[in-house]
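Shown next, in structure tokens, is the structure this report addresses.
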Amino acid sequence: MEDRESSKANERRIFGISWNVFVLGLVSFLNDMSSEMISPVVPKYLTDVLKTGELLGGTLMGAIESLSSLFKVAFGYISDRFRKRKVFIFTGYALSAFSKGALAFTRYWWDFLSLRILDRVGKGIRTAPRDALIAESSEKGKTGKSFGFHRMMDTLGAVTGPLVGIALLYLMRGMIAEKAYRYLFLFSAVPGLLSLLIIALFVKERGREVRKKITGISALKSRNLRLFLAVVAVGALGRYSYAFTLWKASELGYSLRDEMAFYALFNLMYAAAAYPIGFYSDRVGKRKLITVGFMIAALASLAFAYAEDLPSLIAAFVLYGLYIAIEDTVPRAYMADLAGDFEKGTVIGTYHTVFGIFVFPASVVAGYLWQNYSLSHSFLYAAAMNLLAFVMMLSVPERD
């Protein structure tokens, strides 16, 4: 253990971040730029081009969000067993790059869904091994800082992507909307392909440096972690797809370009908050910040439910960005701290899988409420679930 910590201390660092964490941050920047070039277009593509209704649209978005998580615990476990991360990271990003470009050729909701599932499978393959490699490449007690940097880079890509998408749509102005969407899907594959080159050349394996322990108590057996996973499940039931926020903007009369600007604002808030939140979580305690995050989630949902004008809608997107910055950053570091060196991929993958199982019905319920009542009812439901998660989180102790 001391040798491994010593090698981390002597490892090349950039901006106080280990080489692997920096490179993986750059990879996530490019991949998210690729993804977010098209993400704001997807809701309109579903409803306007593929002609899905509210319930089917919400269900598809929920399925897409959820399916990747079902693979994360399996590939986290496999990467733990073989002490290799890089091959899973590369394969996952490769599947995502291919599937996004191939969306240009979809004609029906089911071929669209199959490619989005392939993209999510890619995410499922890479996420737990990548997060485990980030944890293994971090100094002791500074996992929050590392995950905060990674989420910041990931989200800066998500800020850049919609802006690039807006620019490309502007250049294609006058073109039939469906054709412009398809060209945008093709362009989105380029940054994804560049990220593969960076992984192949610059990411370094660390798993072999962690000696496998024959005997050891898994963190998955602890009461603390099981209580936390129960909270994760409830919180996931209130985690609607980003598409609902864009549908809200559309309901208030904003154009597709306006929606992409709102989406960029959300991601800008996410990117600005993720690194300081991760850094701060190492100092004040990750459980406390996760608890606060659920309260902010409830406030964001209420803001979307009652937004009627531009200032209230902007406030909703800002709160949503802050909430996601907390809940997408701190729980990963929290799980990494609880896990032993021999099981980081498995434990982090378990978190992602529990989240993914319960986030799917969240969007189905939200779609049902939208179709049969109103979009505001969808957000009110999410607010209630996040308030429940907040109360439950108060019962989770700092440590067993």
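A compact table of results
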{"read-out": "Some residue of segment 72-95 being farther than 27 Å from F360 by Cβ and of a type in the set (S, T, Y)", "value": "no"}
{"read-out": "Complete set of residues in segment 349-367 that are of a type outside the set (A, V, I, L, M) and either touching a helix residue (DSSP H, G or I) at 6+ places or on another chain (Cβ under 6 Å) or modelled with pLDDT of 85 or more (or both)", "value": "G349, T350, Y351, H352, T353, F355, G356, F358, F360, S363, G367"}
{"read-out": "Segment 167-187, subset surrounded by fewer than 16 Cβ atoms within 10 Å (Cβ to Cβ) and among the small types (G, A, S), residue farthest from M37 (Cα to Cα)", "value": "G174"}
{"read-out": "Flag for K84 being at pLDDT below 85, part of a loop (DSSP other than H, G, I, E, B), out of contact with any strand residue (DSSP E or B) (no Cβ under 9 Å at 6 or more places or on another chain) and on the phi > 0 side of the Ramachandran plot", "value": "no"}
{"read-out": "Residue in segment 280-299 that is closer than 24 Å to L369 by Cα and among the acidic types (D, E) present", "value": "no"}
{"read-out": "Members of segment 230-288 that are over 16 Å from F147 (Cβ atoms), out of contact with any Leu (no Cβ under 7 Å at 6 or more places or on another chain) and outside any helix (DSSP H, G or I)", "value": "G238, R239, Y240, S241, G253, Y254, S255"}
{"read-out": "Pair list, Cβ < 6 Å and 6+ apart or interchain, from segment 245-258 residues that are within 13 Å of L310 (Cβ to Cβ) to residues that are assigned to a helix (DSSP H, G or I)", "value": "K248/F304; K248/L375; A249/E259; A249/F262"}
{"read-out": "Members of segment 304-334 that are surrounded by 20 or more Cβ atoms within 10 Å (Cβ to Cβ), under 21 Å from A274 (Cβ atoms) and free of Cβ contacts under 8 Å to residues at least 60 places away in the same chain", "value": "L319, G321, L322, Y323, I324, I326"}
{"read-out": "Unique residue being surrounded by fewer than 22 Cβ atoms within 10 Å (Cβ to Cβ), closer than 16 Å to S195 by Cα, of a type in the set (A, V, I, L, M) and at pLDDT 85 or above when the list is A94, A102", "value": "A94"}
{"read-out": "Close pairs (6 angstrom Cβ cut-off, 6 or more residues apart or separate chains): over 18 Å from N31 (Cα atoms) in segment 118-144, in a loop (DSSP other than H, G, I, E, B) and of a type outside the set (S, T, Y) anywhere", "value": "E136/R206; S137/R206"}
{"read-out": "Subset of segment 122-162 that is modelled with pLDDT of 85 or more, farther than 18 Å from M335 by Cβ and not small (G, A, S) - its residue that is surrounded by the most Cβ atoms within 10 Å (Cβ to Cβ)", "value": "I125"}
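Conditions (1) modelled with pLDDT of 85 or more; (2) farther than 30 Å from S39 by Cβ; (3) not basic (K, R), marked per residue:
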position: A189; (1), (2), (3): yes, no, yes
position: L193; (1), (2), (3): yes, no, yes
position: I198; (1), (2), (3): yes, no, yes
position: G207; (1), (2), (3): no, yes, yes
position: K212; (1), (2), (3): no, yes, no
position: S222; (1), (2), (3): no, yes, yes
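The values are calculated or read from the model by the stated rules, or taken from the named source; none is laboratory data. No experiment lies behind these values; they were computed from the predicted model shown. Positions of Cβ are backbone-derived with ideal geometry, glycine not excepted, and every protein chain shown enters the neighbour counts.
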